[in-house]
Each structure stands twice: as C-alpha cells, then as structure tokens.
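Following: one structure in structure tokens, then a few remarks.
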Amino acid sequence: MSQANRPLEGITVVSLEHAIAAPFCTRQLADLGARVIKIERPGVGDFARGYDTRVHGLSSHFVWTNRSKESLSLNLKDEEGKRIIDQLLQEADVLVQNLAPGAAAGLGLSAAVLQEKHPRLIVCDISGYGEDGPYRDKKAYDLLIQSEAGFLSVTGTRDEVVKAGCSIADIAAGMYAYSNILAALIKRGRDGRGSHIDLSMLEALTEWMSFPLYYAYQGAGAPQRSGAEHATIYPYGPFAAGDGKTVMLGLQNEREWKVFCEVVLEDAALAGDARFSSNSRRHEHRDVLRQLILDMFAGMTAEQVVARLDRAQIANARVNGMGDLWQHPQLAARQRWAEVDTPAGKVAALLPPGANDSYDYRMDPIPALGEHTDAILGGLGYDAAAIATLRERGAV
C-alpha cells in the first residue's frame with residue numbers, strides 16, 4: 001500500500017509537548033502520516049524521557065508516545081528561537097501544546113495571537129482544567145484529575161480507593177485532542193479557516209465518568225466500589241484456580257446460571273437452590289456461592305476452568321499480566337506487532353488499533369533529543385555556521 005494513501009500525508013504538526021496527553025495525541029496524528037515536529041528544550045528535552053530506563057535504557061512512556069516524530073531542540077525564550085518557531089508555524093497546519101498554564105501565552109503563542117498571524121492554523125491547547133474558570137491555573141497531573149473527576153470514588157475496594165493502573169486522564173485528553181483536530185481539519189477543508197481547541201483533562205475524563213454520573217442522577221447513590229467484581233451481578237468477577245492463576249467470568253441471565261451449574265460446577269441441582277434462584281438472591285448470598293465456586297476451581301488449572309467455561313459458552317477471560325499480554329495469542333494471530341527503531345535499537349510496537357485496508361500506519365523511529373534540529377533549520381535556510389552559532393549560545 002502507498003504511503004501517499006495515509007490520511008494525513010502533507011499535514012504538518014508543530015507540538016510544544018511533554019509528558020503524555022499532547023505526545024499521545026500527536027503520535028496518533030503521526031501514525032496517520034502527519035509530519036510532527038516536536039519542540040524540546042535544548043539539553044533537557046521532554047521530561048518524560050527521564051521517567052525510567054525500562055526499554056533498553058529509554059523511558060517506557062517516551063517510547064510509547066513518540067515514534068514517527070522529528071525532534072527539534074529550541075529555546076523558545078531566545079529571540080532567534082521565537083523567529084524559528086514563527087517560520088515553522090507559517091507552513092504548519094496544527095499547533096498542539098500542553099505547557100504549564102499561561103506558558104504558551106507568555107511566549108507569544110496564544111491562540112488569539114497565532115490565529116491573527118496564521119488564520120488557517122489549528123491551535124489545540126491541552127490543559128488540566130481549561131483556559132478559564134477558578135481552576136485554570138492549578139497544576140494537573142493524571143492522578144489529580146482522576147481524583148477531581150470522581151474516578152477514584154468508584155474504583156477500588158469497599159475499603160480503599162484505587163487509581164487506574166495507566167494514565168487514563170492523559171489518554172482521554174490525548175484522544176479527544178486527536179479527534180478534535182481531525183474534525184478541525186475537515187472543517188478547514190470546507191471553509192478554509194483554522195480553529196482554536198481548548199481541551200481539558202477534567203472534561204475528557206468526566207465524559208468517561210458519565211455512566212456513574214447518571215447512575216447518581218439528582219442525588220441518587222453512586223455505584224459502590226466492588227474491586228474487580230460487578231457491583232450488582234453475581235457471579236461476575238475474578239475467581240482463583242488451583243494453580244494460583246485467576247480467571248474472570250461473568251453471568252448475565254438465568255439461562256447462563258443453569259448452564260453454569262450443569263457444565264462448569266457439575267451440579268445441576270444447584271440451579272434450583274432457593275438461595276441462588278435469581279440474580280438478586282445470588283448477590284445476597286454471594287459469599288456462600290463464591291466459596292462453592294472456589295471449591296470446584298481449586299482442583300483445576302486456570303486452563304481447565306477456561307475450557308469448561310468455553311464449553312458452557314460462559315463469558316470469561318484470563319487475568320493476564322504484562323508478560324502474558326506481550327505473548328497474547330490473539331494479538332499474534334492478527335499480526336498486530338511491528339518494530340520501530342529507537343536510539344537504543346529496535347523495539348516491538350503495537351500497531352494502532354483499527355486495521356485499514358487502504359493504507360499502512362506510519363511506524364517510524366523514536367527520535368533522540370534534537371536529532372532533527374540541523375535538518376529542520378537547514379530547511380528554513382540556516383547554514384551550518386549559523387546553526388553552530390545558535391547551538392553555542394543555547395538557542396538550539
């Protein structure tokens with residue numbers, strides 16, 4: 001398939017980005033063929049480069065969110081640095097930034113200023129709480145937004161709140177920034193005008209919280225924390241097998257309860273037990289039922305439990321760890337793994353979700369800090385001597 005078929009070939013994105021939300025957004029754009037120029041501080045770069053060293057000495061977060069980009073080291077407080085970014089924006093289609101509140105405006109890069117100079121430019125500002133309101137200037141990290149958006153109140157056990165194991169507030173914001181930018185590009189194709197997108201992590205995660213919000217409509221009680229179990233359906237949740245592994249299973253109706261008793265528990269009479277005659281009764285006597293299930297599973301391996309659940313057509317899943325996920329047979333069978341280059345060598349990378357039969361996703365290298373500085377400045381007309389001078393004074 002031709003690279004020219006990628007939907008965003010010919011689109012240039014300039015990004016003042018760090019951490020996760022903006023880099024995750026712009027990586028999606030790069031996957032679709034956009035040229036993404038990542039502006040990084042000279043000598044320091046995106047601080048996510050230093051989060052850990054788990055991928056051949058590189059940061060796991062950085063490897064995840066920064067393939068297929070060009071890294072330009074640039075001091076935006078330097079006068080020549082300001083001229084350079086202005087030159088880039090003259091030809092760019094999109095600017096994405098998630099700097100600290102007010103930082104972009106302080107650099108003369110507010111949406112109002114930019115749209116006056118570059119009326120076709122799409123400006124996407126990603127922040128914790130948005131560009132106005134009483135929380136505008138508060139710092140916002142993923143866990144803090146999980147707290148403010150009520151996510152922690154419905155996640156965890158009855159006794160303890162628990163955060164998500166991945167950066168869901170950042171991911172939500174990054175994906176909504178991505179979809180808003182795609183919509184803005186379509187709109188610009190119709191009317192020729194750019195857009196300003198003001199996107200907050202709080203609003204993105206609150207959208208994802210809409211089920212518990214509506215469940216608690218007009219002061220009604222919120223869903224109760226129930227760990228990995230379902231709050232109101234039983235049996236529905238994790239059960240240990242005899243080999244120490246855990247299987248997740250879920251029943252949805254009385255027909256499935258009958259088959260579960262007959263095929264999985266091998267006790268057809270249990271289906272008629274008055275204590276378990278309806279979901280509400282099973283939920284009421286869940287501790288007793290849980291022990292019956294665990295007693296049966298204690299003599300079986302997780303594979304045997306899954307095989308029996310599959311035979312009964314009861315929904316189930318293995319509770320996989322990261323090692324299991326790397327080796328997941330379904331991902332392997334669907335050929336969802338590729339390789340990308342990094343400054344430390346090749347690493348495996350999951351292809352973007354959604355196989356498209358008209359183009360291949362872009363899976364280009366993860367850049368070293370400032371790797372493309374000379375090439376980008378050369379494209380703007382700077383010769384080697386001028387670039388060396390800029391580098392000596394810390395402008396790039």
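From the alpha carbon centroid of region 97-124 to that of region 338-380 is 26 Å.
For the chain, DSSP calls about 40 percent of its internal beta bridges antiparallel. Candidate values (1) 34; (2) 24; (3) 39 were compared with percent of Cα pairs over 36 Å apart computed on the shown model; the agreeing label is (3). A simple rule links phi to the HN-Hα coupling: the Karplus curve 6.51 cos²θ - 1.76 cosθ + 1.60 with θ = phi - 60°, which for region 266-275 gives 6, 9, 4, 5, 4, 4, x, 5, 4, 5 Hz, with x for Gly and Pro. When LEU58, LEU292 are sorted by how many other C-beta atoms sit within 10 angstrom of their C-beta, beginning with the fewest, the order is LEU292, LEU58. Rounded to the nearest 500, the helix-only mean residue ellipticity at 222 nm of the chain stands at -10000 deg cm²/dmol, with each DSSP H run of n ≥ 4 adding -39,500 (n - 2.57). Legend: translational diffusion of region 161-253 by Stokes-Einstein, Rh = Kirkwood radius over C-alpha pairs, 25 °C, 0.890 mPa s; D = 144 µm²/s.
Take the Cα of LEU213, step 7 Å along the line toward its Cβ, and report every residue of region 117-158 whose backbone nitrogen sits under 13 Å from that point. It comes to 149-151, nothing else. Distance from the alpha carbon centroid of region 3-37 to that of region 245-274 works out to 49 angstrom.
Can you flag which of LYS69/LYS187; LYS38/LYS82; LYS69/LYS163; LYS82/LYS117; LYS245/LYS346; LYS69/LYS346 are past 21 Å Cα-Cα?
Details: LYS69/LYS187 25 Å; LYS38/LYS82 15 Å; LYS69/LYS163 31 Å; LYS82/LYS117 14 Å; LYS245/LYS346 32 Å; LYS69/LYS346 16 Å.
In this structure, LYS69/LYS187; LYS69/LYS163; LYS245/LYS346 exceed 21 Å between Cα atoms.
Evaluating 6.51 cos²θ - 1.76 cosθ + 1.60 at θ = phi - 60° for every residue in region 320-327, the Karplus couplings come out as 7, x, 5, x, 5, 5, 4, 9 Hz, glycine and proline recorded as x.
Remark on region 208-280: ratio of C-alpha radius of gyration to 2.2 N^0.38 Å is 1.38. With the simple model of a label 7 Å out from the Cα in the direction of the Cβ, ALA268 to TYR141 spans 5.9 nm.
Since every read-out is calculated from the coordinates, none of them should be taken as a lab result. Owing to the predicted nature of the structure, the values given are computational and were not obtained by experimental measurement. Note that each Cβ is placed from the backbone with ideal geometry, even for glycine, and that neighbours are counted across all protein chains shown.
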